[in-house]
Amino acid sequence: MLNRNPAGGFIPWIIERLRAVDWLLVAAAGIITAAGLATMSSFGGGGSFFAKQSVWFAVSLAVFFVASLFDYRFVRKTSAVVAIFAVACIALGSLLIVGDFIKGTRGWFDFGVFFFQPAGLATLSLILILSKYFERRHVEIAHFRHILISAIYALLIVGLILLQPDFGSAMIAVAVWVGMILLSGISKKHLLAVFLTAALVAGSLWVYVFKDYQKQRITSFVYPMADIQGSGYNAFQSTVAVGSGGLFGKGIGYGTQSRLKFLPEYETDFVFAAFAEEWGFVGVLFLFSLYGIVIWRILKFAYHGASNFEILFASGVAIMFMSHLIVHVGMNIGLLPVTGITLPFMSYGGSHLLLEYMSLGILVGMSRYGRATHKDVMKNEFLGF
């Protein structure tokens, strides 16, 4: 919790906290957000996106610094983690009753001045509860029941998200669960058995249950490029935009796919394609290097975590960001289905931007009571290594 009466005065206490901030991490994330703002301001009608996202950027930075001030050791308590997870589930359930429909998904609360999407916070709560669950059971983690129990937590979040329906956010939650159980030290044989069973069930449904029209719908979703005049139109235009950027790009404001409206949702679902068209291969390499810095600094927090809980939480946040990056880029180059996944720190939208900067702020707060961990100690502390 936040110390209300810090020794030596409040201002020196704030300055001390700010000195502990990972400024390289903040700079990398900030440059990525600035690149998104530049992309939004490049095309006609993008001025409103630029102005609104600039406000969200300022608010998100403020949230980051406020979040970094707290001592998060209180979150280790089971009661606190369960309460946060319960609130997340209630919020997702409430969407089914009072949520607003946007683009066919009932995933937003309308607060008048702004819309808020709780799916990201729900995923963060999943990371918290999985971190707590695996921390407390690291001695007996190889038991098969821990896969099932942890899957129940994940299925609560995934199921409520799918009811909206929001397949993209559900994919991220599943990726977080898979990534964290791999890191936790759970038996890989047990995990392989679960995946093989799921594959067997899916295969049986495909052969014996699904009708031809259902198979066609699934094929069009998984491989949209097979129907570029229909379901694959957006994916096709996105790949054209990425490829047309060439080595150095067309220049800011000269991306024809976005400027001429061939590329839909260039500020959200296809912001990577819009950026790649303007900045080219060199710009994309620079962008990936910035994401590399962000992930590296997050994993550094994990390396120096004060306990298994902090190690797993930081690792879970890294998995969440990497999943978003991989899925977003994959769907922008036609390798993955178009699911509406945002690009971290870059896509338009206040909900995900607040979540991303708040997550970084929490990691900075946790790092203050971390320890310098040597590799030999790390092998004993980190559950699966």
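The values are calculated or read from the model by the stated rules, or taken from the named source; none is laboratory data. Given the structure is predicted, the values throughout are model-derived calculations rather than measurements. Cβ: placed from backbone, ideal geometry, glycine included. Neighbour counts: every protein chain shown.
Here the condition is being at pLDDT below 90, touching a helix residue (DSSP H, G or I) at 6+ places or on another chain (Cβ under 6 Å) and either in a helix (DSSP H, G or I) or over 21 Å from ASP269 (Cβ atoms) (or both); of ILE129, ILE147, ILE84, it holds for ILE147 alone. Tallying residues that are surrounded by 17 or more Cβ atoms within 10 Å (Cβ to Cβ) and of a type in the set (Phe, Trp, Tyr) within the stretch 275-302 yields 4. Selection of the stretch 61-75 for residues being part of a helix (DSSP H, G or I) and either crowded, with 19+ Cβ neighbours inside 10 Å or of a type in the set (A, V, I, L, M, F, W, C) (or both) yields LEU61, ALA62, VAL63, PHE64, PHE65, VAL66, ALA67, TYR72, PHE74, VAL75. Flag: HIS328 does not match the condition of being buried (at least 22 other Cβ atoms within 10 Å of the Cβ), touching a His at 6+ places or on another chain (Cβ under 9 Å), assigned to a helix (DSSP H, G or I) and modelled with pLDDT of 90 or more. A residue that is surrounded by fewer than 22 Cβ atoms within 10 Å (Cβ to Cβ) and assigned to a loop (DSSP other than H, G, I, E, B) occurs somewhere in the stretch 305-322.
Residues checked against (1) surrounded by fewer than 21 Cβ atoms within 10 Å (Cβ to Cβ); (2) hydroxyl-bearing (Ser, Thr, Tyr); (3) modelled with pLDDT of 90 or more; (4) in contact with a His (Cβ under 9 Å, 6 or more places away or on another chain):
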| site | (1), (2), (3), (4) |
| --- | --- |
| LEU18 | yes, no, no, no |
| ALA38 | yes, no, no, no |
| ALA51 | yes, no, no, no |
| SER54 | yes, yes, yes, no |
| VAL59 | yes, no, yes, no |
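For the stretch 87-121, a tally of residues being outside any loop (DSSP other than H, G, I, E, B), modelled with pLDDT under 80 and either aliphatic (A, V, I, L, M) or farther than 26 Å from GLU265 by Cα (or both) returns 1.
The residue list TYR266, TYR303 contains one member that is in contact (Cβ under 8 Å) with a residue 12 or more places away in the chain and closer than 23 Å to THR339 by Cβ, which is TYR266. Residues in the stretch 323-363 that are free of Cβ contacts under 8 Å to residues at least 60 places away in the same chain and either among the polar types (S, T, N, Q) or in contact with a helix residue (DSSP H, G or I) (Cβ under 9 Å, 6 or more places away or on another chain) (or both): LEU325, ILE326, HIS328, VAL329, LEU335, LEU336. Within the stretch 175-187, can one find any residue that is hydrophobic (A, V, I, L, M, F, W, C), within 25 Å of LEU363 (Cα to Cα), out of contact with any helix residue (DSSP H, G or I) (no Cβ under 7 Å at 6 or more places or on another chain) and part of a helix (DSSP H, G or I)? Yes, there is a match, as at least one residue in the stretch 175-187 is hydrophobic (A, V, I, L, M, F, W, C), within 25 Å of LEU363 (Cα to Cα), out of contact with any helix residue (DSSP H, G or I) (no Cβ under 7 Å at 6 or more places or on another chain) and part of a helix (DSSP H, G or I). One residue alone among LEU260, LEU182, LEU205, LEU200 is farther than 20 Å from VAL327 by Cα, modelled with pLDDT of 80 or more, aliphatic (A, V, I, L, M) and surrounded by fewer than 17 Cβ atoms within 10 Å (Cβ to Cβ), and that residue is LEU200.
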